[in-house]
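Chemist: Submitted below is the structure of interest, expressed as structure tokens.
The values are calculated or read from the model by the stated rules, or taken from the named source; none is laboratory data. All values reported here derive from a predicted model rather than from experimental measurement. We place every Cβ from the backbone using ideal geometry, glycine too, and count neighbours over all the protein chains shown.
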Amino acid sequence: MAARIQIPREARRGEVIEVRILIQHPMETGYRHDDVGHLIKRNVINVLSCRYNGVEVFRADLSSGISANPYVQFYTVAEASGDLEFNWIDDEGQRGSERQPIVVKG
Amino acid sequence: MRRARPRLVLAAAALAAGVALAQERAIPPGELKSGSAFLGSDLRALQNDDFANPGMLWVERGEKLWREPAGKRSIACAGCHTDQSMRGVAASYPRIDKASGKLFNLERRVNWCRGARMGAEPLRYESEELLALTAYIARQSLGLPIVTRIDGAARAHFETGRASYHLRRGQMNLSCAHCHDAQWGKRLLSETISQGHPNAYPAYRMEWQTMGSLERRLRACLSGIRAEMLPYGSQEYLDLELFLGWRAQGLPIETPGVRR
């Protein structure tokens, strides 16, 4: 599962930073039928979480109401240099993970 | 003076041809509007946001594929083509392939390269790989105007494409021109009818919840007027794509566009 993450490369300590993530995923609702009439099984990313230096700073429970290739944006406070680590899992048990470093000054 | 005369005549003929061509256009160049002009501000903003535009997922994948060796000869696209040489390429497609004299769109060109140069299997139409590669190639022409050549061997394809564009089809007995030349800007249920330009394709459509080629969009239109959909890669689509390119001459490439 491909994903794109955007956070500032550098921030001042205490600064509120914008975190953006875009994940490639069909977010299959479970209500659609294929060309021959069979129901397509529901498969959505159900949990997306973000840890900042090991501490969870964001968690979202997604459901079938979220469109394909979900885009999520949230804010957190830059406290120390380190990594933001994103983890998500879909109904089929497929896991995705991405990591992005940030340098905090001051 | 005598020598100058044939040139003058030629110039006059060219001018007349130019005027005739300009008169053939249902939408004059000054009134051309990209499909994005008919979107709501939210979708327009999404398209212009290089990060959040979902089509960029395909562009990124395309860049990876571009640099990945493939096929029996294990060469990558990037093994022959430099990034600089790809700028503007997509804006000139569909175009005549010099070697075969056939009309190629980007999809056909990619598959031709894979077969003849790389010894690789062709990519299926609407496959994630082909969408990714064509999106990446088109992205490199971002902002450049469409330049479609309809001279020489392309002329016959252009005429067929034009005929195809004006052909009434399906249960609704509509041609492309009935909506996109005569009624653009008006409402069709909740939608505003666009001018039907190809400059944002491959594009991410909300209705599809994914990326799709121009041919997929053409098929969607045909389905909408309850006409028979032709198979992907058929010559009629290709000729029509050439005509659409000429019709949109000068509009900037927007790939990956975001559409309703």
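Chemist: Could you tell me whether any residue of the stretch B:107-119 is in a loop (DSSP other than H, G, I, E, B) and over 24 Å from B:Glu254 (Cα atoms)?
Modeler: yes
Chemist: How about the stretch A:1-67: which strands (runs of 3 or more DSSP E) wholly inside it have at least 2 residues that are within 11 Å of chain B (Cβ to nearest Cβ), of a type in the set (A, V, I, L, M) and farther than 16 Å from A:Val77 by Cβ?
Modeler: Answer list for the stretch A:1-67: A:3-6, A:16-23.
Residue by residue, here is whether (1) within 14 Å of chain A (Cβ to nearest Cβ); (2) over 17 Å from B:Leu39 (Cβ atoms); (3) touching a Phe, Trp or Tyr at 6+ places or on another chain (Cβ under 8 Å); (4) of a type in the set (D, E, K, R) holds:
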{"position": "B:Gly170", "(1), (2), (3), (4)": "no, yes, no, no"}
{"position": "B:Ala200", "(1), (2), (3), (4)": "no, no, no, no"}
{"position": "B:Trp208", "(1), (2), (3), (4)": "yes, no, no, no"}
{"position": "B:Glu236", "(1), (2), (3), (4)": "no, yes, no, yes"}
{"position": "B:Ile253", "(1), (2), (3), (4)": "no, no, no, no"}
{"position": "B:Pro256", "(1), (2), (3), (4)": "yes, no, yes, no"}
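Chemist: Further, regarding this structure: Taking the condition of being in contact with a strand residue (DSSP E or B) (Cβ under 6 Å, 6 or more places away or on another chain) and within 14 Å of chain A (Cβ to nearest Cβ), how many residues in the stretch B:54-76 meet it?
Modeler: 3
Chemist: If you don't mind, there's one more thing I want to ask. Name the single residue, out of those in the stretch B:83-94 being surrounded by fewer than 20 Cβ atoms within 10 Å (Cβ to Cβ) and under 30 Å from B:Gln235 (Cα atoms), that is nearest to the other protein chains (Cβ to nearest Cβ).
Modeler: B:Asp83
Chemist: Mind checking which helices (runs of 4 or more DSSP H) fall wholly inside the stretch B:133-240 and carry at least 2 residues that are under 30 Å from A:Thr29 (Cα atoms) and within 19 Å of the chain's Cα centre (by Cα)?
Modeler: Fully inside the stretch B:133-240 and qualifying: B:214-224.
Chemist: Does the stretch B:133-142 include one or more residues that are basic (Lys, Arg) and under 19 Å from A:Asn69 (Cβ atoms)?
Modeler: yes
Chemist: Right, another one. Just give me the residues in the stretch A:68-81 being within 14 Å of chain B (Cβ to nearest Cβ) and exposed (fewer than 13 other Cβ atoms within 10 Å of the Cβ), in sequence order.
Modeler: Passing the criteria: only A:Gln73.
Chemist: Looking at B:Gly35, B:Gly55, which one is in contact with a Lys or Arg (Cβ under 7 Å, 6 or more places away or on another chain), surrounded by 13 or more Cβ atoms within 10 Å (Cβ to Cβ) and not β-branched (Val, Ile, Thr)?
Modeler: The unique qualifying residue is B:Gly35.
Chemist: Still on this structure: Taking the criterion of being at pLDDT below 95, assigned to a loop (DSSP other than H, G, I, E, B) and touching a helix residue (DSSP H, G or I) at 6+ places or on another chain (Cβ under 8 Å), would at least one residue in the stretch B:2-25 satisfy it?
Modeler: Yes, there is a match, as at least one residue in the stretch B:2-25 is at pLDDT below 95, assigned to a loop (DSSP other than H, G, I, E, B) and touching a helix residue (DSSP H, G or I) at 6+ places or on another chain (Cβ under 8 Å).
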